[in-house]
1. Ser233 - would you say it is polar (S, T, N, Q), modelled with pLDDT of 95 or more, within 16 Å of ligand 1 (Cβ to nearest atom) and crowded, with 16+ Cβ neighbours inside 10 Å?
2. Residues that are within 16 Å of ligand 1 (Cβ to nearest atom), modelled with pLDDT of 95 or more and small (Gly, Ala, Ser): does the stretch 213-225 have at least one?
3. What about Leu160, is it assigned to a helix (DSSP H, G or I), assigned by TED's automatic domain parsing to the domain that holds Asp237, surrounded by fewer than 19 Cβ atoms within 10 Å (Cβ to Cβ) and not aromatic (Phe, Trp, Tyr)?
4. Is it true that Leu150 is at pLDDT 95 or above, away from ligand 1 (no atom under 16 Å from the Cβ) and part of a helix (DSSP H, G or I)?
5. Would you check which residues across the stretch 103-126 are of a type in the set (Ser, Thr, Tyr) and either over 20 Å from Ser183 (Cβ atoms) or outside the structural domain of Asn173 (by TED's automatic domain parsing) (or both) and list them?
6. Among the residues that make up the stretch 334-350, is at least one of them buried (at least 19 other Cβ atoms within 10 Å of the Cβ), among the small types (Gly, Ala, Ser) and assigned to a loop (DSSP other than H, G, I, E, B)?
7. Taking helices (runs of 4 or more DSSP H) that do not extend beyond the stretch 192-281, which have at least 1 residues that are within 18 Å of Phe121 (Cβ to Cβ) and under 25 Å from the mean Cα position of the chain (by Cα)?
8. Name, by its number, the condition in (1) farther than 27 Å from Phe265 by Cβ; (2) among the hydroxyl-bearing types (Ser, Thr, Tyr); (3) part of a loop (DSSP other than H, G, I, E, B) that does not hold for Ser366.
Amino acid sequence: MTEKQSYSVARKSFFALFWTSTMLFVLSWLYVSTDRPRSFGRKSLPILNLPNVFRSSNGLSRTILASNEMKRDGEGREEEERPKREQGFQDKDGANAMTCNGIVKEPLKIFMYDLDPEFHFGLLNWKPRGGRVWPDVRTEIPPYPGGLNLQHSIEYWLTLDLLASEISDNPNNRVVIRVQNSSEADLIFVPFFSSLSYNRFSKVRRHQKRSRNKVLQAKLVNFVTAQKEWKMSGGRDHIILAHHPNSMLYARMQLWPAVFVLADFGRYPFYIANVDKDVIAPYRHMVRNYVNDSSDFDSRQTLLFFQGSIYRKDGGYARQELFYLLKDEKDVHFSFGSLKKDGVNKASRGMHSSKFCLNIAGDTPSSNRLFDAIASHCVPVIISDDIELPYEDVLDYSEFCVFVRTSDAIKEKFLINLIRSISKKEWSRMWEKLKEVEPLFEYQYPAKDGNAVQMVWKSLARKVPGIKMKINKYRRFSNTVVHQKHGGLRSIPAPNKFW
Ligand SMILES: *[C@@H]1O[C@H](CO)[C@@H](O)[C@H](O)[C@H]1NC(C)=O
Ligand SMILES: *[C@@H]1O[C@H](CO)[C@@H](O)[C@H](O)[C@H]1NC(C)=O
């Protein structure tokens, strides 16, 4: 009996112990897991890792990610909270600018090859006199042709700015200076006006075997790769301008170790050009600037404006889809054709009186329409999944552009409902920002503070540390001489094709 009693007491206390520990276990598991699913949930939303403001997969509603939502990360890490100013385009602490404590950093030092004028100003019919290579920019600035050529004129503005640096009163206030001794230079500039060469001389004339554009590229490759500067770095510190997507078609395959200045990567294999190695520069816009823009949300009567051709080759299928989705919406305006003759004036008027301007991927991911929209303060709606944007390492485009994935944009009513749902207040904020960033996309001579010319130089300056590392790695083996079994001497060639 007593044995049985003590047995049942033991059994009861055993069960009590069992239940208590089970409850404790369940409670602690619940406690831990209430945290878990949330963090997993966050992590599984790839949306949160992307900077674009307008993202939605749940039909028509638009998700605006509040900044505090962005801050929370999967593993509960708090991203560093940075003041808004720093995230904006003011890269006051960027390379070659004023630092926080007011010390002026050195300007970017560029060595420029004295190429024969046939590669640069000669293409603009400039006639060198007395064996000169460069125009004297104090007295003559060879004019650049107007029209569509201007879209890709960055080669002209950068070269002029380098020449101007030599006559500057205050070279240390400059973003860039030309140096005559290449061993003092950060980067080596190859002044070939390749877009102009493509635009003007890519046709094979009757008495020619090859076009002048092709001949110039072949000559350029021979010249540049024979220089000691190229051999010392394998070309990694050379700047090659190829802004027109079809320019440098032949030379690009030989000059790929260099930094290319491009409009986009649409027609380049990844190992020839990519966003880590190269620099994206803006197109020069074609429409007029909207000087003294006193318009507002209500006075811009067209909701959405599109200028361009509807039927494009590869990559542009979305244009057609969107045209059929939008053509019957009453406040949407489609304007066909390219910007020739009166087209520019019409497009200017159209963009100046529209709230939003559509940018759809065409043959290439980029187009000058984005920069036309910025100059018109017409909020760009970008539908181009692979677009790369100028200075995006210092500029947050989501502050003044609306990004929509192509797969979303071609859903019935998605785009139009999204755009209609943007309030006057939100639109006005983006419009203010557009006016603020507009100067960053302007090309002028002489360069104004913070204009496109200076922004591109600064983008190049930010590449310098990475380039130095690549060159040092390249030199690990390039100077080594190995004794082979047969007693012969052999230099080890340059490393693999990914530098
Ligand atoms: C170029 O600069 C290097 C290093 O500063 C110097 O050793 C060399 O003598 C200079 N060359 C000329 C031609 O001035
Ligand atoms: C813009 O405004 C300024 C100052 O009010 C004026 O001097 C200038 O002529 C205006 N420009 C245009 C194009 O209206």
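1. No: the conditions fail for Ser233.
2. Looking for residues that are within 16 Å of ligand 1 (Cβ to nearest atom), modelled with pLDDT of 95 or more and small (Gly, Ala, Ser), one finds none in the stretch 213-225, hence no.
3. Answer is no for this residue.
4. no
5. none
6. Within the stretch 334-350, none of the residues are buried (at least 19 other Cβ atoms within 10 Å of the Cβ), among the small types (Gly, Ala, Ser) and assigned to a loop (DSSP other than H, G, I, E, B).
7. 194-201
8. (1)
The values are calculated or read from the model by the stated rules, or taken from the named source; none is laboratory data. None of these values were measured; they are calculated from a predicted model. All Cβ positions, glycine included, derive from the backbone under ideal geometry; neighbour counts span all protein chains shown.
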